[in-house]
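I have a structure I would like to understand better, so I am pasting it below and will then ask my questions one at a time.
The values are calculated or read from the model by the stated rules, or taken from the named source; none is laboratory data. All values reported here derive from a predicted model rather than from experimental measurement. As a convention, Cβ positions derive from the backbone with ideal geometry for all residues, glycine included, and neighbour counts pool all protein chains shown.
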Amino acid sequence: MMTKVKQIGFVVLAITLLLGSCSKKKNNSSWVINEVLVNNKTNMIDEYGERNGWIEIYNNTAKTQDLGGMYLTTDKNNPKMYPIPLGDVRTQIKPYQHALFWADDKPFHGNFHTNFKLDTIGENYIALYEADGKTLVDEIVVPAGIPADKTFGYPVDGIKYDEEGNLTATILERVTPGSNNKIIAENPKIIDLKQNDPWGIMITITSMLVVFIGLILLYLVFNFTGNLSKNITQKRVAKSGKLSAARSESQLSGEVLAAISAAILELKEEQHDMENTVLTIQQVKRHYSPWSSKIYTLRQLPRK
């Protein structure tokens, strides 16, 4: 009996370990070596104008992470081959963003230039280790024979395994240093619209309907606002005791107002004609008169 219990226990333990190992394989790392260019002939150049291989690392989390203090290596027996320097703000990678390291064996060119090169002919093993130099974070094996200016990596950023647990790493169609590996060339909705409405008739009708509906809504809003202000004014007039006068004014029709205006105009014209026949004499006061001018009182000299 005890033997059977032990056998069952061993079977359960083996299944648990197997499932655990499978789940670990299917889990994607927090850091992913996302894309690698081994042979750079006509591709991207660095800040010194040189072309070398490069390694793209992807932050596969929803938080900012720091690569400073971690290690990049191409040798399993030497996990501390290239220590990523601490204290550089550029090593703090934002969520779902990328960091690019040049494999040019020129670390004196900057913190993002490693002290090793990639083999353009043979296989390349690349790994990222934690700051302790022992904990493996992520690794990738780039097979030999990758064509020049072609990259090896994952078609979708950070997704290393498919639903069946198989690695998705392959030669990528596009070289995308520092950006998403999966590029949507066109919007599916635009493609569908082009297929269903090649002449643009439906989009034209839709645009016109939107405009007319907007105008109708504006009319309703202004009409409602006008009626509301009118009601408020009438209530204020009613409170002040002048509602009867306001009603009498509001009951005047357009014909009555036109007749009143014509009568007022005719009255003004008649008064103007009568004023033309009136002679108005105003007395002008002057300080002197020609009859009392001093010129006539001057003595005239006799003529010789």
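Quick one: residue 168 ticks every box in (1) more than 18 Å from residue 31 (Cβ to Cβ); (2) at pLDDT below 95; (3) of a type in the set (Ser, Thr, Tyr) except a single one, so which number is it?
Checking residue 168 against (1) more than 18 Å from residue 31 (Cβ to Cβ); (2) at pLDDT below 95; (3) of a type in the set (Ser, Thr, Tyr), the one that fails is (1).
With respect to residue 151, is the statement that it is surrounded by 12 or more Cβ atoms within 10 Å (Cβ to Cβ), more than 19 Å from residue 28 (Cα to Cα) and out of contact with any helix residue (DSSP H, G or I) (no Cβ under 9 Å at 6 or more places or on another chain) true? If you could, list the steps in order and put the result at the bottom.
Numbers: surrounded by 12 or more Cβ atoms within 10 Å (Cβ to Cβ): yes; more than 19 Å from residue 28 (Cα to Cα): yes; out of contact with any helix residue (DSSP H, G or I) (no Cβ under 9 Å at 6 or more places or on another chain): yes.
Criteria met by residue 151.
Restricting attention to the range 71-98, and to residues there that are closer than 21 Å to residue 153 by Cα and among the hydrophobic types (A, V, I, L, M, F, W, C), which single residue is surrounded by the most Cβ atoms within 10 Å (Cβ to Cβ)?
Ranking the qualifying residues of the range 71-98, first place goes to 72.
May I pose another question? Surrounded by fewer than 16 Cβ atoms within 10 Å (Cβ to Cβ), under 37 Å from the mean Cα position of the chain (by Cα) and outside any strand (DSSP E or B) - does that describe any residue in the range 136-148?
Yes: one or more hits.
Also: Can you say whether residue 207 is among the polar types (S, T, N, Q), within 26 Å of the chain's Cα centre (by Cα) and farther than 30 Å from residue 139 by Cα, as far as the supplied structure shows?
For residue 207, the condition - among the polar types (S, T, N, Q), within 26 Å of the chain's Cα centre (by Cα) and farther than 30 Å from residue 139 by Cα - is met.
For residue 157, state whether it is more than 28 Å from the chain's Cα centre (by Cα) and modelled with pLDDT of 90 or more.
Considered against the rule, which asks whether it is more than 28 Å from the chain's Cα centre (by Cα) and modelled with pLDDT of 90 or more, residue 157 comes out as no.
While we're looking at this one, here's another question. Spot the failing condition for residue 76; the list is (1) farther than 24 Å from residue 181 by Cα; (2) without any contact (Cβ under 8 Å) to a residue 12 or more places away in the chain, and only one is missed.
Looking at each condition in turn, residue 76 falls short on (2).
Answer with yes or no whether residue 176 is within 37 Å of the chain's Cα centre (by Cα), among the polar types (S, T, N, Q), surrounded by 14 or more Cβ atoms within 10 Å (Cβ to Cβ) and over 15 Å from residue 81 (Cα atoms).
yes
When residues of the range 92-135 are filtered for being of a type in the set (Phe, Trp, Tyr) and part of a loop (DSSP other than H, G, I, E, B), how many remain?
The total comes to 3.
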